[in-house]
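Report on one structure; see the data block that follows.
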Amino acid sequence: MRKKLSDDLVLFFSNLYPKKFAQQGMPHRAFLGIGGNIGAVKRRFDKILATLAHHPKINVLATAPILRNPPFGFTNQPDFFNSVIAVETSYSPRELLRFCLWLEKRYKRRRPFKNAPRTLDIDILSYDDIFMDKKELQIPHPHWHERESVIIPLCFIDRG
């Protein structure tokens, strides 16, 4: 099912997006933003969710619907699909970042220039209530509150 929010924004609903999952009691909670605009992105999101769900150090708590939205920065490219996934994890923030970068690489993410088209982008939007400002990792994500691609899907996830 889909719901048109405006000329530029469309929400997609499926059996996996949005969905709530059971808690396992891992010590940390994080919100991940996922996105992409190359290839079968929605099918790739299903595969990413399965990878996360079967990982021993990550437990998926909830997913948001998928939002189709226009690109920003470099605008001469296809629309993006984005969603948010709430997880609990036993990974530290840096370990979670390494895992997310590994997933991006596994799905052939290339970085030819800033805001380039991509098969997969995974951002750590938040991790517990910590603030981190390192070159390789900023938590919370510095621009999450400016992006419809995060704000709209995040509205569908209980952040309590």
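Specify the residue that is surrounded by the fewest Cβ atoms within 10 Å (Cβ to Cβ); the eligible residues are those in segment 23-53 that are in a loop (DSSP other than H, G, I, E, B) and in contact (Cβ under 8 Å) with a residue 12 or more places away in the chain. Result: Gly25. For segment 77-95, taking the residues that are in contact with a strand residue (DSSP E or B) (Cβ under 6 Å, 6 or more places away or on another chain) and among the acidic types (Asp, Glu), the one that is surrounded by the most Cβ atoms within 10 Å (Cβ to Cβ) is identified as Glu88.
Just one of the listed residues (Phe99, Phe81, Phe156) is under 14 Å from the mean Cα position of the chain (by Cα), within 28 Å of Lys20 (Cβ to Cβ), aromatic (Phe, Trp, Tyr) and assigned to a strand (DSSP E or B), and it is Phe81.
Residues in segment 54-65 that are more than 19 Å from Ile124 (Cβ to Cβ) and either in contact (Cβ under 8 Å) with a residue 40 or more places away in the chain or within 14 Å of the chain's Cα centre (by Cα) (or both): Pro65 alone. Scanning segment 106-133 for residues that are in contact with a helix residue (DSSP H, G or I) (Cβ under 9 Å, 6 or more places away or on another chain), of a type in the set (A, V, I, L, M, F, W, C) and within 19 Å of Gln77 (Cα to Cα) gives Leu120, Ile122.
Every read-out reported here was derived from the displayed coordinates using simple, explicitly stated rules and does not represent laboratory data. A quick note: this is a predicted structure, and the numbers were derived from the prediction, not measured. All Cβ positions, even for glycine, are placed from backbone atoms using ideal geometry, and neighbour counts span all protein chains on display.
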